[in-house]
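Worksheet: one structure, shown below.
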Amino acid sequence: GREKKHGYHLTQALRFAVEEINNGSGPPQQQPLLPGVTLGYRLYDVCSLQAGILATVNVLRDQEQREQQAAQPGSAPGLEASPLAVIGPDSSSKTMPPAVLLGAYLMPQISYESSNEMLSNKKVYPSFFRTIPSDKIQVAALIQLLVRFKWTWIALLGSDNAYGLQGMQSLSQQSAYHGICIAYQAVLPKLTA
């Protein structure tokens, strides 16, 4: 389905980026991006919340086992290094439970799609980082655009999921403070195959 293709494309992009960095196969005049460093990765299918939690527990367990082995006298370092960070999952709802677990061990988690403002709470998610702005910042940017272009009479459409519904609610609340009237508001239903 569509989601499997999305995951496949993300996997291929990661693989390509790691190969480019490790092989230094950019333009000849360019310095290597990470000289003397070889990147690796381990992929987990986190298509569900349960799978994401299981993958997180596996990463933490493997790291603990490697640390115990390295602490034993006379042990040689293994070929496989411990993960330094977790990238993903691709939604806020699938990110929150693993972020709590990883935060307890201060293992960084970097998300490219999780935008829920609650993930900004460093007391609950101390090692969570994102590459996109939070929902709060996105709404503030939309308000700035509406004010800048003097759009005071708007229609508001949102997707039928937590991201869309929370975004619509936040934008509705903030628009009132800026003289913006929401003339029409609707939720776009999910497509079913």
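The strands (runs of 3 or more DSSP E) found entirely in region 100-160 that carry 2 or more residues being touching a Pro at 6+ places or on another chain (Cβ under 9 Å) and either small (Gly, Ala, Ser) or open to solvent by less than 60 Å² (accessible area, probe 1.4 Å) (or both) are 109-111. Tyr163 satisfies every condition listed in (1) touching a Leu at 6+ places or on another chain (Cβ under 9 Å); (2) of a type in the set (Phe, Trp, Tyr); (3) closer than 25 Å to Pro189 by Cβ except (1).
Residue pairs, Cβ under 6 Å, 6 or more apart or interchain, first in region 108-127 and closer than 23 Å to Leu165 by Cα, second open to solvent by 20 Å² or more (accessible area, probe 1.4 Å) and among the hydrophobic types (A, V, I, L, M, F, W, C). List them. Close Cβ pairs (under 6 Å, with a partner that is open to solvent by 20 Å² or more (accessible area, probe 1.4 Å) and among the hydrophobic types (A, V, I, L, M, F, W, C)) amount to Ser115/Ile132. Just wondering, is there one or more residues in region 50-72 that are open to solvent by 50 Å² or more (accessible area, probe 1.4 Å), in a loop (DSSP other than H, G, I, E, B) and over 30 Å from Ile180 (Cβ atoms)? Yes, some residue in region 50-72 is open to solvent by 50 Å² or more (accessible area, probe 1.4 Å), in a loop (DSSP other than H, G, I, E, B) and over 30 Å from Ile180 (Cβ atoms).
Rundown of residues vs (1) under 29 Å from Met96 (Cβ atoms); (2) in contact with a strand residue (DSSP E or B) (Cβ under 9 Å, 6 or more places away or on another chain), yes/no style:
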position: Ser134; (1), (2): yes, no
position: Gln138; (1), (2): yes, no
position: Ile143; (1), (2): yes, no
position: Val147; (1), (2): no, no
position: Trp151; (1), (2): no, no
position: Ser159; (1), (2): yes, yes
position: Ala162; (1), (2): yes, no
position: Gly167; (1), (2): yes, yes
position: Ile180; (1), (2): no, yes
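The values are calculated or read from the model by the stated rules, or taken from the named source; none is laboratory data. Everything quoted here is computed from the prediction, not taken from an experiment. All Cβ positions, even for glycine, are placed from backbone atoms using ideal geometry, and neighbour counts span all protein chains on display. Surface accessibility is based on the protein's heavy atoms, side chains included, excluding ligands, DNA and RNA. Shrake-Rupley method; radii C 1.70, N 1.55, O 1.52, S 1.80 Å.
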